[in-house]
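For reference, the structure discussed in these notes is given below.
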Amino acid sequence: MKFQTLTGFIVEKQAEYPGASGELTRLLNDIGTAAKFVNREVNRAGLGDVMGYAGEINVQGEEQKKLDVFANEQFIAALTDGGQCCAIGSEENEEIIILDNAHSKHAKYVVAIDPLDGSSNIESNVSIGTLFSVYLRRTVRGIATIEDFLQPGRNLVAAGYVLYGSSTVLVYTTGYGVNGFTLEPSVGSFILSHPGMKYPKGGNIYSINEANYIYFPEGVKQYVRYCQEDDKSTSRPYSTRYIGSMVADFHRNLIRGGIFIYPATTKNKQGKLRLLYECNPAAFLAEQAGGKASDGFRRILDIQPKELHERAPIFVGPTNMVDKAEEFMQKYSPEFRLG
Ligand code: AMP
Ligand code: P6P
């Protein structure tokens, strides 16, 4: 049976860029390699010494679980060995990491990454994920700086996620469509399983943590009530699905058609999710899949980051669903507009 591996697919895509040197090809494959090592440990998470806390506190003020630390180390090691990335901005590290490789210090790409998002779900065996963004560095020579990361998402060269779930799927885009690859563990290769991913027409799932309802902007409250109204002509009431693991929620909604919302609240006008390595990759993928991503007012990919771990509210999914949510935000909660 004819199948295509991630490695073969990436190399094939490079051929569409006659001037390409192969640096991005190598970088994307390095991410795939690290994902396999992370997958192996995630699948053993319930066993032996991998569970539990590394005892350190990450920049988010959360206990770092060993898998968080392990995953971070795998991506740093793979990208360092690959030599095509000069620096990493990771959810696990307060400052950017300059990769220790003579060649890569001057490499032209930087990677922003959440190595293991949703890791608080590890003990309950809920699917967790990696999210990554790839930019061309802005500084033209020398050691990378934070300026190389403070770029709007519209500058992204590539972005994607790895979902460690009932199977392990790597989904990415370089701006010309979205493709998904499922890991065949017996062979150790990611195989093209979801070519040309697109949101279905008209979704009927909404994903939001309604425990925060009393803190939602009025526009979000109104939108949630809209989702719950009985109107068969618009497939409402929608189904609510929320697993508390962004990659898992995003992937399900991409496959089945649904909106994911982590909004600003009266407690935090910036929302919770990180712009550079959670919102931007999700937004790039969503737009490439025919959908939309905004903070309720602005296109996510147009937001100019001011700091590495900056948060942003996010409404992401099929265009018609995000448009409707934006209507409620603009009508009922204009005071939540940030930019
Ligand atoms: P490179 O010289 O390998 O860094 O590639 C230069 C540019 O060509 C990249 O920044 C991409 O825009 C494009 N490109 C190169 N290789 C690939 C690939 N395998 N898949 C998609 N785009 C690629
Ligand atoms: P809440 C996991 O901690 C995470 O960063 C995302 O993966 C997830 O979507 C969100 O936070 C869940 O947050 O506040 O609903 O528990």
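Which net charge results when you count Lys and Arg as +1 and Asp and Glu as -1 among the other residues whose beta-carbon is under 15 Å from that of Tyr17?
Values: positive: Lys13, Arg26, Lys108; negative: Glu12, Glu16, Glu23.
Once positives and negatives cancel, what remains is 0.
Convex hull over the Cα atoms of the chain, averaged projected area in nm²? All intermediate terms of the calculation are to be shown ahead of the outcome.
Numbers: hull surface 70.7 nm².
Projected area, direction-averaged: 17.7 nm².
Mind giving me the FRET efficiency for Lys331 and Glu16? R0 is 41 Å, r the Cβ-Cβ distance, nearest 0.05 is fine. Please list the in-between numbers first.
Values: r = 44 Å, r/R0 = 1.07.
Once rounded, the FRET efficiency stands at 0.40.
Please report the net charge: other residues with Cβ closer than 13 Å to the Cβ of Gln330, K and R +1, D and E -1. Could the numbers behind the result be given before it?
Numbers: positive: Arg298, Lys324, Lys331, Arg337; negative: Glu218, Asp295, Asp323, Glu326, Glu327, Glu335.
Neighbourhood net charge equals -2.
Give the residues of the stretch 241-256 whose amide nitrogen is closer than 17 Å to a point set 7 Å from the Cα of Asn209 in the direction of its Cβ.
Within reach of a label on Asn209: 241-250.
How high is the FRET efficiency between Asp230 and Lys306 when r is their beta carbon distance and R₀ equals 41 Å, given to the nearest 0.05?
On the way: r = 43 Å, r/R0 = 1.06.
Efficiency computed from Cβ-Cβ geometry: 0.40.
Listed highest first by mean packing, meaning other Cβ atoms within 10 Å per residue, what order do 23-31, 6-14 come in? Show your work: numbers first, answer last.
Numbers: 23-31: 21.6, 6-14: 17.2.
Peptide ranking by packing, descending: 23-31, 6-14.
Would you mind classifying the stretch 6-194 by shape? Square roots of the alpha carbon gyration tensor eigenvalues, ordered a ≥ b ≥ c; an a/c under 1.5 is rounded, otherwise it is prolate if a/b is larger than b/c and oblate if not. Could you put the intermediate results ahead of the total?
Numbers: a/c = 1.95, a/b = 1.22, b/c = 1.60.
Here the stretch 6-194 falls in the oblate category.
So what is the calculated 222 nm ellipticity per residue for the chain, using -39500 (n - 2.57) for each DSSP H run with n of 4 or more, over all residues, to the nearest 500 deg cm²/dmol? Mind dumping the intermediate values first?
Working: 7 runs with 91 residues, N = 339.
One gets -8500 deg cm²/dmol as the mean residue ellipticity at 222 nm.
Would you mind checking Lys108/Lys306; Lys108/Lys269; Lys66/Lys201; Lys13/Lys66; Lys2/Lys292 for any pair whose Cα atoms are more than 31 angstrom apart?
Values: Lys108/Lys306 21 Å; Lys108/Lys269 34 Å; Lys66/Lys201 40 Å; Lys13/Lys66 36 Å; Lys2/Lys292 34 Å.
Over 31 Å apart, Cα to Cα: Lys108/Lys269; Lys66/Lys201; Lys13/Lys66; Lys2/Lys292.
How much net charge surrounds Ala248 when only the other residues with a Cβ under 14 Å from the Cβ of Ala248 are counted, with Lys and Arg +1 and Asp and Glu -1?
Values: positive: Arg241, Arg252, Arg256; negative: Asp114, Asp117, Asp249, Glu278.
Neighbour charge sum, excluding Ala248 itself: -1.
Taking the full set of protein chains and a 1.4 angstrom probe, give the accessible area of Ile259 in square angstrom, rounded to the nearest 10.
Near enough 0 Å² of accessible area.
Please give the solvent-accessible surface of Lys267 in Å², to the nearest 10, using a probe radius of 1.4 Å with every protein chain present.
140
Could you look at the chain and say what percent of its accessible area is carbon and sulfur, using a 1.4 Å probe and all protein chains?
Exposed carbon and sulfur together represent 51 percent of the surface.
Could you tell me whether the stretch 205-336 comes out rounded, prolate or oblate from its Cα gyration tensor? Rule is a ≥ b ≥ c as square roots of the eigenvalues, rounded for a/c under 1.5, then prolate if a/b exceeds b/c, otherwise oblate.
Details: a/c = 1.57, a/b = 1.22, b/c = 1.29.
Oblate, because a/c is 1.5 or more while a/b does not exceed b/c.
Leaving ligands, DNA and RNA out of it, rank His106, His194 by accessible area with a 1.4 Å probe, largest first.
Details: His106 115, His194 55 Å².
Final ranking, largest accessible area leading: His106, His194.
Given the whole protein assembly as supplied and a 1.4 Å probe, what does the accessible area of Tyr109 come to in Å², nearest 10?
20
The values are calculated or read from the model by the stated rules, or taken from the named source; none is laboratory data. Just so you know, these numbers come straight off a predicted model, no measurement behind them. As a convention, Cβ positions derive from the backbone with ideal geometry for all residues, glycine included, and neighbour counts pool all protein chains shown. Accessible surface areas use protein heavy atoms only, side chains included; no ligands, DNA or RNA. Shrake-Rupley method; radii C 1.70, N 1.55, O 1.52, S 1.80 Å.
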